[in-house]
């Protein structure tokens, strides 16, 4: 800005007939705004960061010391490191691969349009989108719906989730085991509760206790509806529960396994002599798999990074594709004529020629990642925001949110500025080089 | 086989890819098929989240709590515009939607006007310190806005701009200028020197040259900047979160209050989020070319 001021006074080396004074009306509005609202605040923030919360007392570097010892802020630092290490590289790599692949299809423009679209909408809206995508309830979030769907193909959901024997059975890992032993010739009736009658399969027949059979252990499993009936007894309206796996266990080993019929009856034909424990296998009653807690404290940062990848990949593709189209076709053809495979051409010719573009994309993404705020703010539910915290969010929280400490907030702002400063120098150097 | 091989060999010089047998061509054909499938899948992955939000916004609350948005694909009868009607009838939300225009339009116009003026001086008027000013502008491109939040909040508080639309606009103008100047200056310097010199020979003032020569030529760059800046401001949350009060809040800030009960508010939130997306999506689809150029140039922001 000093140089800008000087320019208004000196008018020596101007072009003939052109006074540098004429630059003043053109430059003044923009320079005044930049000076008042960008440069002055930068200086002010640096000074303010050495004062306490109220701004009255000079505290030296205490705000910085506090910042580096506060656990919330340290989590934010850690997350920023994770972001910087993972996200820009992932997007640059993905962008490179997709940009190269789109060169081989006819609908490349349409494809890039689709992937670029997230750049147009707000980070707030993207946040809402991904909060919905990753919602925990599989009846709401599409990711958990898919996870549950795949899971249930490989291990199907149980027939009677949540159902359990009324009494006389102990819950074990393998299922509900009878407390009293039984043996061949007995009949046992097991009333089950905790399952909605309307969900009983249509083929279920009315329940009635079996008669005893010579050398056989027989039994009945039925849904004991307490409303309009007596607990523990088979009422006329009650039905047997088909398809339940029942096991007979003797000395810890399964000696018989059978399944209830449509009337809820089961039979162990040849158990041999001796007592057994009747066990209703766990697989009958397992609660359905409900997917993963994506928005919980363990997965929250990867989840937010994935949403950022969704937003930024289109940018990387478009930028890299522009670089690709500038690569001379001759170089690629020459390599192919020399017998290089497509992979070698990509690895040895395309990537080296593209590396300046890749560097610009990468640096741009790093800057973007350092300033990440909205996505974390919107996607992380309040309870896990501490776990997902990043510097830009912490700065807002400390200064305007719950904190109200503008000294500490200023220190965080200055730290953020210092982290971005190398990128500033990178930009300035690149700008100077392009001019010369 | 030989006949085929001969044919291939005849093909070779035309296609410019020698040493390719039938097999390699088959593999590459198959490979191309794979590429098509993979890219189609990627595109679907990119579309599903947005389609999900749209469909959720078109189902009422009870439908959204009972089942996922995808069930609407088999039950299109569930679709309704009721959420949008409710939202538009909600005074706060509708006012915030209008506020977003009141903020984005002036912030865009001011940036475009101030930046074109400044860029003209930086590109075509010789003055001492021109290089330094340009370098400062390039340096400011990546300036994090966090650096200015506290000081500007104090400044605005002192002059009565805190919590007003004007304050939000001014802040956006300040942080929009570096990129705007960078973009336009680059474009202006590309204008042929002869064009400017000829006008000077004819005795045109700088103002006339700017208006009659530079601006007409620079239309595409100004279009890119306008669209980029408009969407940038439209999509902002952080600046308005700090500088706007309840009456001047844009739609992102107004909806933010609903986030706390995400699960139960999904009908309202998805509708609000989609309402806030309609303008950017329309601008994007209509002016794609300019927008993409603007983003590529201004990605460093």
* Rg [Å, one decimal], Dmax [Å, integer] - segment A:176-220, C-alpha atoms -> 13.1, 36
* **Gain in span if fully extended, residue A:104 to residue A:59, counting 0.36 nm per residue against the direct Cα distance** => 10.1 nm
* Label segment A:183-283 by shape, choosing from rounded, prolate and oblate, from the square roots a ≥ b ≥ c of the eigenvalues of the Cα gyration tensor; if a/c is under 1.5 it is rounded, and otherwise prolate applies when a/b is larger than b/c, oblate when it is not. => prolate
* To do: At a temperature of 20 °C and a viscosity of 1.002 mPa s, determine how fast the protein assembly as shown diffuses translationally according to Stokes-Einstein, using the Kirkwood radius over alpha-carbon pairs as Rh; express D in µm²/s, rounded to the nearest whole number.
  => 70
* chain B shape via C-alpha gyration tensor axes, a/c threshold 1.5 -> oblate
* Could you give P(r) for chain A, binned at 10 Å from zero, as whole percent values over all Cα-Cα pairs? -> 4, 14, 16, 15, 13, 12, 11, 8, 4, 2, 1, 0, 0
* **Rel. contact order, % - alpha carbon contacts under 8 angstrom, at least six apart, segment A:201-356** => 17
* Asked: Okay, which of segment A:194-221 sit inside 17 Å, backbone N to the point 7 Å along the Cα-Cβ direction of residue A:230?
  -> A:207-209
* Rounded to the nearest 0.05, what FRET efficiency do residue A:154 and residue B:70 give with R0 = 30 Å and r taken as the Cβ-Cβ distance? Could you check? => 0.90
* Structure fact -> Label model pair residue B:208, residue A:214: point-to-point distance (7 angstrom along the Cα→beta-carbon line) in nm is 12.5
* Normalised contact order of chain A, rounded percent, pairs of Cα under 8 Å and 6 or more residues apart -> 23
* Asked: Against the longest principal axis of chain A, how steep is helix A:351-370, in degrees 0 to 90 to the nearest 10, with axes from Cα atoms?
  -> 80
* Spin-label point model (7 Å from Cα, Cβ direction): what's the residue B:84 to residue B:101 distance in nm? -> 1.6
* How many Å³ per residue does the convex hull of the Cα positions in segment B:98-244 occupy? -> 122
* Asked: What are the principal axis extents of the Cα atoms in segment A:289-391, in Å, biggest first?
  -> 60, 35, 16
* Could you pull the Cα extents of segment A:225-337 along its three principal axes, largest to smallest, in whole Å? => 86, 42, 28
* Structure fact -> Subtracting the Cα-Cα distance of residue A:333 and residue A:255 from 0.36 nm times their residue separation yields 20.9 nm
* To do: Could you work out, residue by residue across A:427-433, how many beta carbons of other chains sit within 10 Å of that residue's beta carbon, and then give the average as an integer?
  => 4
* Structure fact -> Per the 1/(1 + (r/R0)^6) rule, R0 = 51 Å and r from the Cβ atoms of residue A:351 and residue A:298, FRET efficiency to 0.05 is 0.90
* In degrees, nearest 10, range 0 to 90: what is the angle between the Cα axis of helix A:71-102 and the longest Cα principal axis of chain A? -> 90
* Asked: With r defined as the distance between the Cβ atoms of residue A:85 and residue B:132 and R0 fixed at 35 Å, what FRET efficiency is calculated, to the nearest 0.05?
  -> 0.45
* Cα-only radius of gyration and Dmax that characterise segment A:77-146, units Å -> 15.6, 44
* Classify segment B:185-301 as rounded, prolate or oblate, taking a ≥ b ≥ c as the square roots of the eigenvalues of its Cα gyration tensor: rounded when a/c is under 1.5, otherwise prolate if a/b is larger than b/c and oblate if not. => prolate
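No lab work stands behind these numbers, since they all come straight from the coordinates. The structure presented is a predicted model; accordingly, all values stated were derived computationally and were not measured. So basically every Cβ, Gly included, is an ideal-geometry build from the backbone, and we count neighbours across all protein chains shown.
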